[in-house]
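This report concerns only the one structure given below.
Read the figures in this text as sums done on the coordinates, not as results from a lab. Remember, it's a predicted structure, so these values are computed and weren't measured experimentally. Here Cβ is always computed from backbone atoms with ideal geometry, including for glycine, and neighbour counts include all displayed protein chains.
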Amino acid sequence: MKCASLTANGSLKLTDSTYAEQFRLNGTGRGSGTIAGEQLRLDGTMKLDGDVSFGRIHINGMLQASGGAVGEQADIDGGMKLDGSAKYETLQVHGLLQVGGKLSAREMDIVMAGACRASEISGERIRVRKKLGAGRLIGLLSSTLAPRLTAELIEGDDIMLEATKAGVVRGNTIRIGPGCEIDRVEYRVHYEADPGSTVGSAGQVQ
């Protein structure tokens with residue numbers, strides 16, 4: 001299906017790939033194939049067997065996809081779970097973000113209210129914080145659900161991290177805030193770490 005505008009209120013089921021310049025769902029949706037267009041707004045939940053390709057997405061709820069996601073701008077108030085990778089110019093998250101592959105964005109700001117993860121993270125400016133008061137009860141019940149970012153590699157120009165567990169963090173300017181567990185930090189210009197975090201080793205590289 002290809003259209004200029006698609007709006008659904010209630011429940012939506014897509015059985016093939018769909019292109020809509022303006023795509024809006026208020027409710028619940030399921031789909032097969034790729035959904036693509038210029039702008040996606042989701043107020044509710046959607047599960048998709050495919051990729052998500054929109055210039056701009058705004059999620060108030062939860063989007064799950066077995067593929068990846070690509071676009072210019074993503075604003076997520078809730079959560080997005082992808083089996084594949086995600087690539088955006090600007091990414092803002094208030095909630096949770098789980099990416100099976102690589103996560104990349106030139107500007108990235110993640111305020112965690114749940115468990116977040118990606119295999120690798122890259123960008124120019126990366127900000128990861130824990131939402132104030134988020135996950136206290138959940139963290140007591142299960143540490144795997146607590147607001148925390150997990151990644152094998154985080155690489156960028158200007159990096160600030162809180163509540164993050166990572167193998168390697170590499171960049172020009174790196175600030176490790178509270179609640180982090182980092183195996184190794186490699187910095188070029190500046191590095192600092194909160195005393196409440198654990199860093200295995202840190203070294204300046206050219």
Problem set entry | Positive-end residue of Val205, Tyr187, Pro147, charge dipole of the chain with Cβ unit charges | Pro147
For this session: Between beta-carbons, use under 10 Å as the cut-off and find the net charge around Gly67, counting Lys and Arg +1, Asp and Glu -1.
Result: -3
Exercise. In nm, to one decimal, how far is the modelled label at Asp49 from the one at Gln22, with both set 7 Å along Cα→Cβ?
Worked result: 3.1 nm
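Given +1 on the Cβ of Lys and Arg, -1 on the Cβ of Asp and Glu, and no further charges, what dipole in debye does segment 50-206 carry about its Cα centre, rounded to the nearest 20? Walk me through the numbers on the way to the answer.
Values: 18 positive and 20 negative charges, 73 e Å.
Here segment 50-206 has a charge dipole of around 360 debye.
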Problem set entry | Length-normalised contact order of the chain in % [C-alpha pairs under 8 Å, at least 6 apart] | 9 percent
Exercise. Put a dot 7 Å past each Cα toward the Cβ at Arg30 and Glu107; how far apart are the dots in nm?
Worked result: 3.9 nm
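Mind checking the full-extension length gain between Lys13 and Thr173? Use 0.36 nm per residue of separation minus the Cα-Cα distance, one decimal, nm.
53.0 nm
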Exercise. The list [x] 102; [y] 111; [z] 394 gives values of volume of the Cα convex hull per residue in Å³, and only one came from this structure; which label was calculated from it?
Worked result: [x]
Exercise. Between segment 1-38 and segment 43-91, what's the alpha-carbon centroid distance in Å?
Worked result: 13 Å
Seminar exercise, completed: Residue separation between Glu192 and Glu152 times 0.36 nm, minus their alpha-carbon distance, gives in nm 12.4 nm
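Roughly speaking, what is the stretch gain from Asp77 to Met1, that is 0.36 nm per residue apart minus the C-alpha to C-alpha distance, in nm to one decimal?
24.6 nm
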